Structure formats: C-alpha cells, structure tokens
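Enquirer: Have a look at this one.
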Amino acid sequence: MAAGGHSVPAPLVLISIDGLRPVDVRNADRSGLRLPHLSRLRDEGTSASGVIGVRPSVTYPSHTTLVTGVSPSRHGILYNKPFDPLGRNDDGLYWYAEDIRVATLWDAASRAGFTTASVDWPVTVGAHISYDVVQYGRAGVARRGDDPKLFRALSGRQLLAEAERAVGPYPDGPTTTVEDDERRAAVSTYLLETKRPRLHLAYFAALDEAEHRGGPGSDAALRTLERLDRVVGRLREAAERAGGGRAVIAVVSDHGFTRTDQELDLNEGLRRAGLLQLDVEGRVRGWRAFTWGQGGAATVVLRNARDGEARQKVRAVLSALSNGGPVERVVEMVPGRDGSPEAAFEVSLRPDTSLVDRRAGFIQRPADPAGDHGHDPGWPEMDATFVVAGPGVPRGQRLGRVDMRDIAPTLAALLGVSLPDAEGRDLLATQASRPRTAGSD
C-alpha cells in the first residue's frame, strides 16, 4: 500500500507552458479567457502571484532551475546556446543533460527507485529518465537528413514507435505550433497511462511562439493559451486515471514577456571598436570580445581576461549605449570570481529592446512590434507562473511572489525525495505555519 492507505501512488506531473504569464491565469474570468482547467487547479491548490526567474530569463536556464532549485551559475546552463563565437556548434542548444552540474528532480526520483518520463523537456538528452522523448533539433525547423533517425535513437526508437502506433505521429522537429503541442500531449497521455511514471515532465512551446510573434496578450497568444488549457486538462485526467483518482499537477512557466519595438546588435558595436573581425560572409574570423546572449540579456566575453585594452573599449561601447539608450544596466564582472573568468560584462537591455546578432551594419534600430523575454527577472512583466494541486497541497493557498529556485525543492518534497544542492526552500512547508493574508495574491 502507498502512503495514506492508497494502493496506487499519486504521480507528480510537471507541465511547463513556455511564456505563461501569471496575470493571464489570475485574470482569466474578467478578461473573457476560457481557462477552466488552469483556473480549477488554482482554486483547488496553491499558486504564486508571480515567480521571480533567473538571469537570463530564457528557456533553457530557467527550465534547468525549475528542476534543480539552483541558479544558472551553479547548474551550468547559462543561456539557450553554449558560447560559440566561431559557429562550430551549428547553432546547437544546450541539449545534453550531462551539462547540468547538480542533481535534478529526475535524478532524485531515479535514486528513490521511481519510474520517470519526459516529453520534450529541455536539456534531457542522455538524462536518467526511464522514458525520455527528448528535445533535440534546430528550433522551428523540420528534421533533415539523418536527423529523424538520430532523434529516434536519442529518444528510444521502440518507445516512439509504440507511442505513435497508439496516438499518431510525433512532430517532425522541435516545431512550435499548438497542433504540434497537442501531438506531444498525446504522447504524454500515453506514457502516463501505460508506463505509469511517478514523475512525468511535459513541455509546450506554442504560447511562447505566439507571444514572440504578436506580443503578450495578443489575440493569437490568448487563443493558443485556451487550447493549451485543454491540454492541461487532458494530462490531469490521464494522471488521475494512472494514480487511482489522485495526482499532483504542477503548472509552471519559465518567464513572462515584454513588448519590444527596438533591436540592438552589440556585436556590431564591438566590430566597429575593432574587437571583432568578420569575413566577407559575416562569419567571425577573429575576436577579442564577443556578445553572448538572447532577448534582453547579454554577456560580453573577453577572449583574454587580462586584455585591459579590450575591456576598456567594451566599457566605452556600453557607456555610449547607456544613459537613455537601449542598455539599461551594466555590471562589470571580476575575473575569476563572477562565474566564467572570461565574462567581462553582464548587460540588461531596456524592456522595449531585443538583442540580435545580425552583423548587418547597424547597432540599434526600430523593429516591428513583437514580444520578447530575457530581460531583468526582477521586472514584474518577466514573472513566471507556478500553480500546483493534488494530494499534500493546501487548497486555495496564495504564496505571493516567490523565487524560481523554490519550485524544485517544493516538488521534491511532494514526491518524497530531496535535492540537497537546492538553493531554494519548500514553499508548502514554509507556508504551512503562516496564516493566509489579504493581498497576498
């Protein structure tokens, strides 16, 4: 018998809706959004008014913090892509779980002897997950050449074939339409019902794509969210069937969104300062400083940390873009103390500005209105989402604004495992002794 007298243990399902803003869930009724499943989870369980994310507030670092409870500087997933100024990695992402330097939720569950499963969760290639349909491939591009074979080998060819016979074809690449998310949800449902994992992770990207294209709160984004709400309902039903009527369902996101209408190409500024050399096709052939970043965050890396002249030139470039310009904040790093010894400057952009690397002859220029993230996680519009309901979760509890590092240890406690490396705390244990206060939502 499982704890509490139940013969079947309650699975824990962690659902990530990339870019889900807490305001959309909180104000669904008054804005006319049809989100019955997310609203039900919020009413029946515990939720945060916002989640203060990590820097940079982008997908891969955030998702790794969500399953480790530590900051990117410790877990090692520093942006979506590894530092690669010469383009040798073919625009590849941080796909591989071996790059994570600390224990994850799936590691802790595996050590406890639990079956685990994952569909499209970032940074899981080669992870210690029993049934792992990995996220791998060029973003938004159909798999080419031998890519489909490689993807199936990484995910388990027999596992995918079995699932596709039952629920239909899996998406042909890391594409981001809501239809593809619905197909991924079908595979998650199949794994929940047939493999009965104690821990299951599911990731959905269509909302993020819609917000990038049309901005946060756009009609396309809200209609996409309504369809993803139905996906949440399907996964909850499948998990409860697998758990004898009981399941812990946690819905998270990695960041919020801001509206943008400006572009900044810091590498063009470094090129004009003589710190970056390009060939006739715009590829890097030499560099003393290079910008590594995405969205509203950038790290300027020095090839030689002791290159004082290069540091001074970067400082001048950034100073010219500050004080009312597109750069809002610059932090100069101390070599050997602040993470990577070559990281010289951490740069935060204005909320209306997105970092680009076009190498097309401009440093800053207007752009079509869109949406982006990666900006300062302290800004409320960058807040992520956390809602959890099920056995062991207080009903109607409002946590206020919490730290993203608190989510993994909270879920670990619900699963009955521990994450000794976590920098965060178990939110439910912390809240259990506190009365609910007005205005905490």
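Enquirer: Residue by residue through the range 370-380, note down the ones that are more than 22 Å from TYR203 (Cβ to Cβ) and of a type in the set (Asp, Glu).
Expert: Passing the criteria: only ASP376.
Enquirer: Could you check how many residues of the range 62-79 are within 16 Å of TYR203 (Cβ to Cβ) and not small (Gly, Ala, Ser)?
Expert: Let us first name the residues in the range 62-79 that are within 16 Å of TYR203 (Cβ to Cβ), namely 62-68, 77.
Filter again for not small (Gly, Ala, Ser), leaving 63-68, 77.
So the count comes out to 7.
Enquirer: Follow-up question, since we're still on this one. Does at least one position in the range 113-121 carry a residue that is over 29 Å from SER418 (Cβ atoms), assigned by TED's automatic domain parsing to the domain that holds VAL58 and hydrophobic (A, V, I, L, M, F, W, C)?
Expert: If we filter the range 113-121 for residues that are over 29 Å from SER418 (Cβ atoms), which is where we start, we get none.
Within the range 113-121 (the criterion being over 29 Å from SER418 (Cβ atoms), assigned by TED's automatic domain parsing to the domain that holds VAL58 and hydrophobic (A, V, I, L, M, F, W, C)), the answer is no, since none of the residues qualifies.
Enquirer: Return a yes/no flag: does the range 116-134 have any residue that is touching a Lys or Arg at 6+ places or on another chain (Cβ under 8 Å), touching a residue at least 12 places away in the same chain (Cβ under 8 Å) and in a loop (DSSP other than H, G, I, E, B).
Expert: yes
Enquirer: Could you please tell me which pairs satisfy a Cβ distance under 9 Å, a separation of 6+ or placement on different chains, a first residue in the range 398-414 that is in contact (Cβ under 8 Å) with a residue 60 or more places away in the chain, and a second residue that is of a type in the set (Phe, Trp, Tyr)?
Expert: Sorted first by the residue in the range 398-414, then by its partner, the pairs are LEU399/PHE386; VAL402/PHE386; MET404/PHE386; ASP406/PHE386; ILE407/PHE386.
Enquirer: Within the range 391-408, track down each residue that is within 30 Å of VAL8 (Cβ to Cβ) and buried (at least 23 other Cβ atoms within 10 Å of the Cβ). If you could, list the steps in order and put the result at the bottom.
Expert: Initial filter on the range 391-408 (within 30 Å of VAL8 (Cβ to Cβ)): 391-397, 399, 406-408.
Residues satisfying the conditions are LEU399, ASP406, ILE407, ALA408.
Enquirer: (1) within 13 Å of the chain's Cα centre (by Cα); (2) without any contact (Cβ under 8 Å) to a residue 40 or more places away in the chain: which one isn't true of LEU14, the others all being true?
Expert: (2)
Enquirer: Tally time: how many residues in the range 297-332 are surrounded by 17 or more Cβ atoms within 10 Å (Cβ to Cβ) and part of a helix (DSSP H, G or I)?
Expert: 6
For (1) outside the structural domain of GLY424 (by TED's automatic domain parsing); (2) over 18 Å from VAL252 (Cα atoms); (3) surrounded by 19 or more Cβ atoms within 10 Å (Cβ to Cβ); (4) among the hydrophobic types (A, V, I, L, M, F, W, C), each residue gets a yes or a no:
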{"residue": "ASP107", "(1), (2), (3), (4)": "no, yes, yes, no"}
{"residue": "VAL123", "(1), (2), (3), (4)": "no, no, yes, yes"}
{"residue": "HIS128", "(1), (2), (3), (4)": "no, yes, no, no"}
{"residue": "VAL133", "(1), (2), (3), (4)": "no, yes, yes, yes"}
{"residue": "ASP147", "(1), (2), (3), (4)": "no, yes, no, no"}
{"residue": "ALA153", "(1), (2), (3), (4)": "no, yes, no, yes"}
{"residue": "GLN158", "(1), (2), (3), (4)": "no, yes, no, no"}
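Enquirer: Which condition from (1) more than 18 Å from VAL13 (Cβ to Cβ); (2) surrounded by fewer than 18 Cβ atoms within 10 Å (Cβ to Cβ) is the one that ALA112 breaks?
Expert: Single failed check for ALA112: (1).
Enquirer: Now for a different question. Scan the range 179-225 residue by residue and report those that are acidic (Asp, Glu), closer than 30 Å to ARG259 by Cβ and surrounded by fewer than 17 Cβ atoms within 10 Å (Cβ to Cβ). Give the steps one after another, and end with the answer.
Expert: First, pick out the residues of the range 179-225 that are acidic (Asp, Glu): 179-182, 193, 208-209, 211, 219.
Among the residues that remain, those that are also closer than 30 Å to ARG259 by Cβ are: 179-182, 208-209, 211, 219.
Residues satisfying the conditions are GLU179, ASP219.
Enquirer: Any idea which residue in the range 38-59 is nearest to GLU211 (Cα to Cα), counting only those that are out of contact with any strand residue (DSSP E or B) (no Cβ under 6 Å at 6 or more places or on another chain) and part of a helix (DSSP H, G or I)?
Expert: The qualifying residue nearest to GLU211 (Cα to Cα) is THR59.
Each row is one residue, and each column tells you yes or no for (1) in the same structural domain as LEU318 (by TED's automatic domain parsing); (2) under 24 Å from the mean Cα position of the chain (by Cα); (3) within 18 Å of SER322 (Cα to Cα).
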| position | (1), (2), (3) |
| --- | --- |
| VAL252 | no, yes, no |
| ASP265 | yes, yes, yes |
| GLY269 | yes, no, yes |
| GLY274 | yes, no, no |
| VAL280 | yes, no, no |
| VAL284 | yes, no, no |
| THR291 | yes, yes, yes |
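Enquirer: Name the residue that is surrounded by the fewest Cβ atoms within 10 Å (Cβ to Cβ), counting only residues in the range 60-79 that are under 24 Å from THR116 (Cβ atoms) and in contact with a strand residue (DSSP E or B) (Cβ under 9 Å, 6 or more places away or on another chain).
Expert: HIS63
Enquirer: Could we say that VAL102 is modelled with pLDDT of 95 or more and either surrounded by 23 or more Cβ atoms within 10 Å (Cβ to Cβ) or part of a strand (DSSP E or B) (or both) here? Explain how you work it out, then say what you get.
Expert: Values: modelled with pLDDT of 95 or more: yes; either surrounded by 23 or more Cβ atoms within 10 Å (Cβ to Cβ) or part of a strand (DSSP E or B) (or both): no.
The answer is no for VAL102.
Enquirer: Given the criterion in contact (Cβ under 8 Å) with a residue 24 or more places away in the chain, among the hydrophobic types (A, V, I, L, M, F, W, C) and touching a Gly at 6+ places or on another chain (Cβ under 6 Å), identify the matching residue among VAL67, VAL58. Full working, then the answer.
Expert: Numbers: VAL67 fails: touching a Gly at 6+ places or on another chain (Cβ under 6 Å).
Exactly one residue qualifies, and that residue is VAL58.
Enquirer: Please verify whether the range 202-222 includes one or more residues that are among the polar types (S, T, N, Q) and either in a helix (DSSP H, G or I) or farther than 20 Å from ARG34 by Cα (or both). It would help to see each step written out before you state the result.
Expert: Pass one, the range 202-222, residues among the polar types (S, T, N, Q): 218.
If we keep only those that are either in a helix (DSSP H, G or I) or farther than 20 Å from ARG34 by Cα (or both) too, we end up with none.
No: the range 202-222 contains no residue that is among the polar types (S, T, N, Q) and either in a helix (DSSP H, G or I) or farther than 20 Å from ARG34 by Cα (or both).
The values are calculated or read from the model by the stated rules, or taken from the named source; none is laboratory data. What you see is a predicted model, and the numbers here were worked out from it, not measured in a lab. Virtual Cβ from ideal backbone geometry, glycine too; neighbours counted across all protein chains shown.
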